[in-house]
1. Once amide H atoms are placed 1.01 Å from N in the peptide plane, what residues at a sequence separation of 5 or more from Val297, or on another chain, have their amide H within under 5 Å of its amide H?
2. Taking the Cα atoms of the range 171-293, what is the range of coordinates along each of the three principal axes, in descending order and whole Å?
3. Tell me what the chain gives for mean residue ellipticity at 222 nm when only DSSP H runs of n ≥ 4 count, each as -39,500 (n - 2.57), the sum divided by the residue total, rounded to 500 deg cm²/dmol.
4. Between helix 171-180 and the chain, what is the angle of the helix's C-alpha long axis to the longest principal axis, kept within 0 to 90° and rounded to the nearest 10?
5. For the range 1-157, take the alpha-carbon Rg, divide it by the Kirkwood Rh, and send me Rg/Rh.
6. Applying the Karplus parametrisation 6.51 cos²θ - 1.76 cosθ + 1.60 with θ = phi - 60° to the phi angles of the range 73-85, what ³J(HN,Hα) value in whole Hz is obtained for each residue in order, glycine and proline being reported as x?
7. Once you've got the GNM for the chain with C-alpha springs shorter than 10 Å, pick whichever of Ala223, Ala127, Ala141 has the biggest mean-square fluctuation.
8. In whole Hz and in residue order, list the ³J(HN,Hα) couplings for the range 226-239 that follow from phi through the Karplus curve 6.51 cos²θ - 1.76 cosθ + 1.60, θ = phi - 60°; x for Gly and Pro.
Amino acid sequence: MWFKNLRIYRLTKDIDLSPETLEAALAEQNFSPCANMDFSKYGWVPPLGKNSEMYTHSTSGYVMICARKQEKILPPAAVNEVVEEKVLDFEQEQTRPIYRNEKRTLKEDVIHSLLPRALTRSYLVYAYFDPASKLLIIDSASANKCEEFMDHLRATLGSLPVVPLKCHGDAANIMTHWLQDTAPKTIELDNECELQNPRESKNIVRCKNQELESEEILTHLKAGKRVTQLAMVWREAIRFILTDDFVIKRLRFEEIIQEQAEGEADDRATQFDQDFAVMVLQLHEFIKELLEEFGGVEKD
């Protein structure tokens, strides 16, 4: 359940995010599996999975929700193989080459004939609201998955006034300064970064398992490259990579944090609740301090 990536969105207007309101809305748009002719299905599921029938999970004002997407698997190579066989049959019967529009229609027919027999794959997207800070935090590094999540949430709630969270300062310049000079006391630089030439977007250097204060890294910085991704450790508790557009990737809670959630949990539901409670409190402080180091929140 521990989040592994963070895309953070800021609520620009007050909306009703009470667990009761969210529960009622999500239950009306709950997930149902793909039918024979469906390409994909998207809906809400209980964050606790089979351990609960509730579509929200709340603690200390934080409210977690979870979406599930299921989609049919139709390998393009397999579809094309069937299409080519159909094309050959068509051209032999009609004694002429197939037209482009006819081939397109033929391919659509093939896809629809294969859909009922196609396998499916699913994935879950977890997120939680921090109403006190007016934030929506999604556990995904993918912008597309987050947009799909928010589109469905917006349709479910009728309104979702959010924008990506941005820091007031220039994140790339600040991280570059940390490499060239000194990072804040609460931040320890790890052994990974990405450097980019601002005048040539394809001029990128990726460094892993390397001392970031080495002469090699400093030479790249002196040549004008800026830090676009930087691996760090916050208060010896959370490891992460921060991008210049303020996306947090490869988030990892150290054992000292996870141990706080360990207790005499009688079942998976209780353990889930303990993990969630510890995680959101840590992330609240983590995001707050990180924003302070980057000049606060940029607002419209």
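1. Residues meeting the amide H criterion: His168.
2. Largest to smallest, the principal-axis extents are 57, 27, 24 Å.
3. Numbers: 8 runs with 107 residues, N = 300.
My calculation for the chain gives -11500 deg cm²/dmol from helical runs alone.
4. Helix 171-180 and the main axis of the chain meet at about 50 degrees.
5. On the way: Rg = 21.3 Å, Rh = 18.3 Å.
Looking at the range 1-157, the ratio lands at 1.16.
6. Going residue by residue, I get 9, 10, x, x, 5, 5, 5, 4, 5, 5, 4, 5, 5 Hz, with x marking Gly and Pro.
7. Ala223
8. Here the 3J(HN,Hα) series is 10, 7, 10, 8, 9, 8, 9, 10, 9, 6, 6, 10, 10, 9 Hz.
A short reminder: the numbers here are calculations on the coordinates, not readings from a lab. Just so we're clear, the structure is a prediction, and the values are computed from it rather than from any experiment.
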